[in-house]
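Heads up, the thing below is written out as structure tokens.
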Amino acid sequence: MLAPLVSMLMTAAKPAPPPSAELGRSPFVRLRELLGDEPPGKPAISMAVGEPQHGVPGFVGPVLAAHIAEFGRYPMNKGMDEMCESAARWLTRRFSLSRPVDPAREVLVLSGSREGLFLAAIAAARQNGRRRGTPAMLIPNPFYAAYAAGAVTAGCEPVYLPATAANGFLPDLDALPEDLLARTVAFFIASPANPQGSVADLSYLKRIVALARHHGFLVFSDECYSEIYTRAPPHGMLEAGAPDFENVVAFQSLSKRSNLPGLRIGFVAGDRNFLARFLELRNVAAPQVPMPAQRVAIAAYGDETHVIENRRLYSHKFDLADQIIGDRYGYRRPGGGFFLWLDVSAHGGDEAVTLRLWREAGLRVVPGQYLAREQADGSNPGRGYIRVAMVSDQETTAEALHRLVATLR
Ligand SMILES: Cc1ncc(COP(=O)(O)O)c(C=O)c1O
């Protein structure tokens, strides 16, 4: 009689689960809290969210209109055959692959890469969670918030790898201890990186793949900025993992490439064994992509003209940054992406400068520490930096950069 009661009381007395702080709070919510009700000092310019403001490509409207009836049907989770074929053809054209990607088994459509990155962590932990020790996921620091949210939700320990100026803003692979690699389930990496825009060379990507194969973990390569570069096209992880793509999973998106962040479409390609498991999870849990949106993506992956124009616009904005920012705040033109990652530690630090830029200049930027986590030694690799998204038009961007320099002078 007593035993069930005791057990009930003991259950009730259990400590609360770890605080959701582990998941990480949205940097944009924290930014709203920091700025509070403060009015902007000048007409506001948002450079906080990485939301491309260049025009939506002209073909989007007509394609949606032509396929409007398909909103009346549930899409298959894997994605339409034509969409997977279009993505596979694009990968084969864009990257140096020794064989074509198989659209049937090596591509899945995503509702934007964010949900894919998050759910992939859960699928990976289900497939590969029995490791030697506490299962871990490796995450560059700073990083895109969905990686840590995925790792924590999947019951893995997120292990943050500092990506600082000292290591070229890419995690130091030589610093990874064997016992950590032995318990790693997945390694998230972004090249070009958000926020620093660092681009990994092919040998770096190959070293990650070799580690993954040796230690039996997956590489989750976030390549949503791969088409935004001003010099050489960045390499992709599939190149490092060809010809069989074992342990390699690459995430792509039309949000940045084609200025379609609101369409919510991307895809994942690579290791067919993982993708088969991932599809099982996706079939019961993931959002499907409406077929008219997939029709747009088919057109978008078949066209490079709008992408070239997009790159030209970003390239001009980096020319502006070169001229206006010059060598202030440790600025150097990054290999990819559309962010400035500016060291403002000599100007009062990232939160203070963010507040000041808003109050005095109407500029909304993100404190770097909100995009990163504290390392065990208490350092935060984002602290002291601000992230400035150059997503507006040329004129607005030039005005914003002049205001920034004038305010911090
Ligand atoms: C590094 C990185 N990865 C992934 C995403 C997610 O993009 P989407 O879900 O629009 O494809 C973003 C969006 O800002 C990003 O910056």
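Please treat every number below as a calculation from the coordinates, not as lab data. Predicted model, so just to flag it, every value in this text is computed and none were measured. All Cβ positions, glycine included, derive from the backbone under ideal geometry; neighbour counts span all protein chains shown.
Around the Cα centre of the stretch 60-303, unit charges on the Cβ atoms of Lys, Arg, Asp and Glu (plus for the first two, minus for the last two) sum to a dipole of about 280 debye. I'd like the distance separating the alpha-carbon centroids of the stretch 117-144 and the stretch 71-92, in whole Å. After rounding, the separation between the Cα centres reads 27 Å. Could you tell me which residue out of Leu176, Asn194, His54 lies farthest along the dipole of the chain toward its positive end? Charges go on the beta carbon: Lys and Arg +1, Asp and Glu -1, centred on the Cα centre. Of Leu176, Asn194, His54, it is Leu176. Once the Cβ-Cβ distance of Ala66 and Arg231 is raised to the sixth power relative to R0 = 30 Å, the FRET efficiency obtained is 0.20. Enumerate the residues in the stretch 225-257 having an amide nitrogen under 15 Å from the point lying 7 Å beyond the Cα of Ser96 toward its Cβ. Only 232-243 pass the distance filter.
Counting only Cβ charges, +1 for Lys and Arg and -1 for Asp and Glu, the dipole size of the chain around its Cα centre is about 360 debye. Any chance you could check the Cα centroid distance between the stretch 174-241 and the stretch 336-409 for me, in angstrom? Cα centres, the stretch 174-241 to the stretch 336-409: 26 Å. With both labels modelled 7 Å from their Cα along Cα-to-Cβ, the Asn273 to Arg132 distance reads 1.9 nm.
Tell me which of Phe71, Tyr385, Phe251 sits at the most positive position along the dipole axis of the chain, charges placed on C-beta atoms (Lys, Arg +1; Asp, Glu -1). Of the options given, the answer is Phe71.
Once fully extended, how much extra length lies between Val49 and Arg359, figured as 0.36 nm per residue of separation less the alpha-carbon to alpha-carbon distance?
109.8 nm
Full extension of the chain segment joining Asp322 with Glu33 gains 100.9 nm, where the gain is 0.36 nm per residue of separation less the Cα-Cα distance. Note: the stretch 270-409, Cα convex hull, 194 Å³ per residue. P(r) tail, the stretch 341-389: Cα-Cα pairs separated by more than 13 Å, 52% of all pairs.
Just subtract the alpha-carbon distance of Arg333 and Ser203 from 0.36 nm times their residue separation and send over the number in nm, one decimal. Intermediate results must be reported in sequence, preceding the final value.
Numbers: separation 130, 0.36 × 130 = 46.80 nm, distance 2.18 nm.
Extending this stretch completely gives an extra 44.6 nm.
What is the Cα convex hull volume of the chain when expressed per residue in Å³?
Spelled out: Cα convex hull of the chain, divided by residues, is 175 Å³.
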